[in-house]
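Take a look at the structure set out below.
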Amino acid sequence: YKEPEMVVNARKWLKQALVEHQEKVFAAAEKEFERRGAVAMFAQENAGAEAQEDIDRIELDELQEERRERARMIQEERVQQQMELDRLEELELRKRQDMEKDHFIVPRPENASNQPCETAER
């Protein structure tokens, strides 16, 4: 039995259409796969970038905290030094005042008259 040419041509056409359709489906699937892969890769890169930004932010926060701590310690040291200087100046002032008192002692008579006191006679 020989199939009519029209049937043979129809089968060839259907096979060709099926092949073309499969190629289109595969191409579309491949494009979708690539797109999803690109989206996933972009999401990974984006997540990686966000994670790196988070890491950078944490490191920056740590550096700023260290700087604040150092600045606080330097400030405390300056306050201690200033307190020590103030204490030394106070001691120096007292010493000077004591020396001035000792140097300029004026004996006062115990009685109301202008009699020199006994210690002055000695």
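Nothing in this text is a laboratory measurement; each read-out follows from the coordinates by a stated rule. Because the structure is predicted, anything quoted here is derived from the model rather than measured.
Would you mind classifying region 5-90 by shape? Square roots of the alpha carbon gyration tensor eigenvalues, ordered a ≥ b ≥ c; an a/c under 1.5 is rounded, otherwise it is prolate if a/b is larger than b/c and oblate if not.
Because a/c hits 1.5 or more and a/b exceeds b/c, region 5-90 counts as prolate.
Convert each backbone phi in region 74-83 into a coupling constant with the Karplus relation 6.51 cos²θ - 1.76 cosθ + 1.60 (shift: θ = phi - 60°), then list the ³J(HN,Hα) values in order as whole Hz, x for Gly and Pro.
Once θ is set to phi - 60°, the couplings for region 74-83 become 4, 4, 4, 4, 5, 4, 4, 4, 5, 5 Hz.
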